[in-house]
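S.K.: Here it is: the structure, laid out below.
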Amino acid sequence: MKVVLFCGGLGMRLREYSENTPKPLVQIGSRPVLWQVMKYYAHYGHKDFILCLGWQGEAIKQYFLNYNECTSNDFVMDGRKVNLLHSDIHDWKITFVDTGVDANIGQRLLAVRRHLTNDDVFLANYTDGLSDLPLPRMIHYFQDRQATAAFLAVRPQQSWHSVQFGDDGAVTDVQQISDSDIWMNGGFFVLSQRIFDHLDDGDDLVLQPFQRLITAGELYGMKYDGFWSCMDTYKDKQRFEDMVARGDTPWEVWKHLPTSNALTAEKSNIPPLARNLLR
């Protein structure tokens, strides 16, 4: 199944980190967050990627064009011969598409539609959110409901407070927003080709098309209380770096369960029709 990744935004809230590094290439530990997202999907067998490029897109191209697996994996050097002990991206297929510097997410998706004509269902995501979500479970969730679109619904992580009011404006409740019944869009989309029937030129993906899908009863959000976090600000990056330093990296699902075992465990409870979507 193809994976569309939106990596063309300006990343303004991380510009203090680097004026010249696109947000998807900002590193967490020794790897860019884009690589971490792609590795997550590859772990579940989805290795055909479409990158929607924009600001500093050439830097993302150069990262993969110059990718040297010897600098990111263990290897044995015997004379001048190098034998890799591990490999990362040798079996990934990556399509690089310039979708414009100022385009919104909906416009970027429309710009790569021609690369999805043979895909009844495809995956999509932002490139700043990491999770330990069991992906086959979400695909099953989508298929079971015959949805046009589904996304991961997560709890807000900010330290803000949610406030409730009475009719006269008096405050009736104040609580941590993470303790409220508020859920937010965490990305990790599963989309049918029918999404393009609801997406007009100029539309943002989540606003106009999703409102149309709500009216049609074809949009679903899968609530998930497991690990999810995004790298939106420099503070978020530092939090990720602290987790890496502690060895607390739940999003690195490829380190916690072998790929074959992960797929077998998830597929065992999935009907045959839905299993086809996992290929």
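S.K.: Over segment 74-159, what percent of the accessible surface lies on carbon and sulfur atoms, probe 1.4 Å?
M.R.: After summing per-atom areas, the C and S share lands at 44 percent.
S.K.: Can you give the net charge of the other residues whose Cβ lies under 13 Å from the Cβ of Gly247, counting K and R as +1 and D and E as -1?
M.R.: Combined, the nearby Lys, Arg, Asp and Glu give -2.
S.K.: Next question, about the same structure. In nm, what is the difference between 0.36 nm times the number of residues separating Arg113 and Phe196 and their Cα-Cα distance?
M.R.: Gain on stretching Arg113 to Phe196: 29.0 nm.
S.K.: If you roll a 1.4 Å probe over the heavy atoms of the protein chains, what accessible area per residue do you get for segment 95-162, in Å²?
M.R.: Per residue, segment 95-162 has an accessible area of 43 Å².
S.K.: Follow-up question, since we're still on this one. Excluding same-chain residues fewer than 8 positions from Lys47, which lysines have a Cα within less than 16 Å of its Cα?
M.R.: Here the lysines satisfying the reach criterion relative to Lys47 are Lys2, Lys39, Lys93.
S.K.: Once ligands and nucleic acids are excluded and a 1.4 Å probe is used, how much of Thr233 is accessible, expressed in Å² to the nearest 10?
M.R.: We get 40 Å² for Thr233.
S.K.: Next question, about the same structure. Can you list the aspartates and glutamates whose alpha carbon is less than 18 Å from that of Lys235, not counting same-chain residues fewer than 8 positions off?
M.R.: Hits, sequence-local ones excluded: Glu16, Glu19, Asp128, Asp248.
S.K.: Could you compute how much accessible surface Lys93 exposes when probed at 1.4 Å, giving the result in Å² to the nearest 10?
M.R.: So the heavy atoms of Lys93 present about 120 Å² to solvent.
The values are calculated or read from the model by the stated rules, or taken from the named source; none is laboratory data. Quantities reported herein were computed from a predicted structural model and do not represent experimental measurements. Heads up, the Cβs are rebuilt from the backbone with ideal geometry, glycines too, and the neighbour counts pull from every protein chain shown. These accessible areas exclude ligands, DNA and RNA; they are computed on the full protein's heavy atoms, side chains included. Shrake-Rupley method; radii C 1.70, N 1.55, O 1.52, S 1.80 Å.
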